[in-house]
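Since the structure comes first, as structure tokens, the remarks are kept for the end.
The values are calculated or read from the model by the stated rules, or taken from the named source; none is laboratory data. From a predicted model like this one, the values you see are computed outputs, not experimental measurements. Glycine gets a Cβ as well: all are built from the backbone with ideal geometry, and neighbour counts include every protein chain shown. Ligands, DNA and RNA are stripped out before the accessible areas are found, and what is left, the full protein with its side chains, is counted by its heavy atoms. Shrake-Rupley method; radii C 1.70, N 1.55, O 1.52, S 1.80 Å.
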Amino acid sequence: MRVLFVTPECYPLIKTGGLADVAGALSLALGGLGCEVRVLLPAYPQVLQVLGKTKTLARLPRLFGASGRLLSGRTAGGLEVLALDAPRHFERPGNPYLGPDGKDWPDNAFRFAALSWAGSQLGLGRLGSWVPDLVHVHDWQAGLTPAYMRFARGRQPPTVLTIHNIAFQGLFPRNLLAKLRLPNSSFTIDGLEYHGKIGFLKAALQYADLLTTVSPTYAREIQTSEFGMGLDGLLRHRSDVLHGIVNGIDEAVWDPAEDRDIHAPYSARRIKAKAANKAALQRRFQLAPDPDAPLFCVISRLTHQKGLDLLVEVLPDLVAMGGQLALLGSGEGSLEAAYRAAARAHPGRVGVEIGYDEPLSHQLQAGADAIIIPSRFEPCGLTQLYGLRYGTLPIVARVGGLADTVIDANVAALHDGVATGIQFSPVTAEALRFALLRAFRIFADPAVLDRLRRRAMSRSVGWSGPARDYLALYGGLLEESGVSPKPGEGAS
Ligand code: ADP
């Protein structure tokens, strides 16, 4: 089965969030199941740098104000990549979506229409000899691909959209309709119109054959007005084709027994070695060198979504109960300032590093006793999965993928030996405070903590299960649409 991914980011070529991890790891996992996956993404400078040698597959002269080439290449990890090289759109260093002023690039509509257009042309078999059986697009940046395909003539492979975060919708003024090569007839409530604007994500929600999102709970939540960000009605309408599949993690990159970024490797069997990582983390964050003080960590974008304003409120209690906090993150100025102030107010108890630092994020997972994730909404979340793998108790809001991946240590779950962390609800400072109190009780009982950790570390959080689920969906879709992959190309 040949599958084309259309995505704005993909690890290890370019990453700003979880979407990149998913695009990279899922395509490799599908490859392991016999699928032939190629990943189309913009040829940002970082992408070309990581990719190294490339071949030109086709020229694209009409890319919405730019001309470009389709390049093919391969990463060291074996990812087959199609890079859309349109320098006028993509030869910009730094964050792929934001200019130096921290605001969206003003021509994002054209930049991601170009990506979507190239995806549609590949899907329709008009670019080179490799023709996918199925096109899988990710988030709003690739959202026009299913629309362009629907409006074209000829062979139409089925399309899948994965929603990684419905908060990002790609809304643009209606006067761009013709310039984006979208027919007037598409600008209706049953098309891609959204409150008087062109909605790139809405286009894909409307025109893709199958919709997925990154956890079953988030799939349910986005059909409600509380979480649907205005698209809940359409999602309810399409609920028969909407599926939730929890993300996996790259178990080779996130393996405490083999992790080269951490101070001392450890495993469920040799859990005692985790203590050396805790001591190293306390030194790194200038925290008191106390092996018995419960050490909580946060690794996150500092935004309203992540609920970290609630933790600021509760921090004095965490410290008063004898805990420590090490935080790594960056984002909204007011939150960065609040955490810097907390570190000054609680020397030796709260350590803060503002920035993005991949190796340090591994050291936090290895050294901390618990990771706090108080998100107001969380499509899937990855850091709680890393926490499980590193025996670092996840303390999570009961929303989205957090609800699906952490089993709360309530009396019944503890009795049955299935608990892996702590959940709290509603997402308020009060509920978070109570969750921390519960965590302190667990830390006071080494036998209970040990069982929880072992159980968490033994949970399967890799990609093989999710990749099989995607493959099953692909198979059903191809069968429905009457396209069956040629013998030898399919996967069981
Ligand atoms: P989101 O995609 O909403 O930011 P996820 O939990 O799905 O949240 O994924 C976040 C990813 O980014 C994880 O791999 C996490 O470890 C990483 N991350 C977030 N902030 C930082 C940071 N400041 N430094 C290093 N890694 C970070």
So between residue 448 and residue 258, what do we pick up on full extension, going 0.36 nm a residue minus the alpha carbon distance?
65.8 nm
Evaluated at 4 °C and 1.567 mPa s, the Stokes-Einstein D of segment 1-103 based on the Kirkwood radius over Cα pairs, in µm²/s, stands at 92 µm²/s
Against the longest alpha carbon principal axis of the chain, how many degrees, from 0 to 90 and to the nearest 10, is the axis of helix 429-443 turned?
60 degrees
Could you order peptides 286-292, 4-10, 213-219, 306-312 by the average number of other Cβ atoms within 10 Å of their residues, highest first?
4-10, 213-219, 306-312, 286-292
Helix 274-284 vs. the chain, principal-axis angle (Cα, 0 to 90°, nearest 10)
90 degrees
Between segment 139-169 and segment 213-258, the Cα center-to-center distance that results, in Å
17 Å
If you put +1 on each Lys and Arg Cβ and -1 on each Asp and Glu Cβ, how big is the dipole of the chain around its Cα centre, in Debye rounded to 20?
960 debye
Solvent-accessible area per residue for segment 243-297 at a 1.4 Å probe radius, Å²?
53 Å²
Here FRET efficiency (C-beta to C-beta, residue 275 to residue 241, R₀ 60 Å, nearest 0.05) is 0.75
With Cα atoms, 0 to 90° folded angle of helix 446-458 axis to the chain main axis
20 degrees
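How much length is gained if the chain between residue 313 and residue 416 is pulled fully straight, taking 0.36 nm per residue apart and subtracting their Cα-Cα distance, in nm to one decimal? Spell out each step's value before the answer.
Numbers: separation 103, 0.36 × 103 = 37.08 nm, distance 3.40 nm.
Computed gain between residue 313 and residue 416 is 33.7 nm.
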Dipole of the chain, positive direction: furthest Cα of 426, 457, 185, with charges on the beta-carbon:
185
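Got a number for carbon plus sulfur as a percent of segment 344-492's accessible area, 1.4 Å probe? Present the calculation step by step, with values, prior to reporting the outcome.
Details: 3320 of 6120 Å².
Ligands and nucleic acids excluded, carbon and sulfur give 54 percent.
Could you report segment 48-127's accessible area per residue, 1.4 Å probe, as an integer in Å²? Intermediate values should be presented prior to the final figure.
On the way: 3880 Å² over 80 residues.
Accessible area per residue: 49 Å².
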Please report the carbon-and-sulfur percent of the accessible area for segment 283-341; probe 1.4 Å, protein heavy atoms only, DNA, RNA and ligands left out.
54 percent
Calculated P(r) tail over 28 Å for the chain, as whole % of Cα pairs:
54 percent
Ignoring ligands, DNA and RNA, please state the percent of accessible area on segment 74-126 from carbon and sulfur, probe 1.4 Å.
52 percent
Towards the positive end of the charge dipole of the chain, with charges on Cβ (+1 Lys, Arg; -1 Asp, Glu), say which of 326, 118, 355 has the farthest Cα.
118
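In Å², and per residue, what accessible area does segment 320-416 have when probed at 1.4 Å with the other protein chains present?
Working: 3090 Å² over 97 residues.
With the other protein chains kept in place, segment 320-416 gives 32 Å² per residue.
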In the chain, if the dipole is taken from +1 on Lys/Arg beta carbons and -1 on Asp/Glu beta carbons about the Cα centre, which of 291, 279, 262 is farthest to the positive end?
262
If R0 = 56 Å, then residue 187 and residue 130, at their Cβ-Cβ distance, give a FRET efficiency to the nearest 0.05 of 0.95
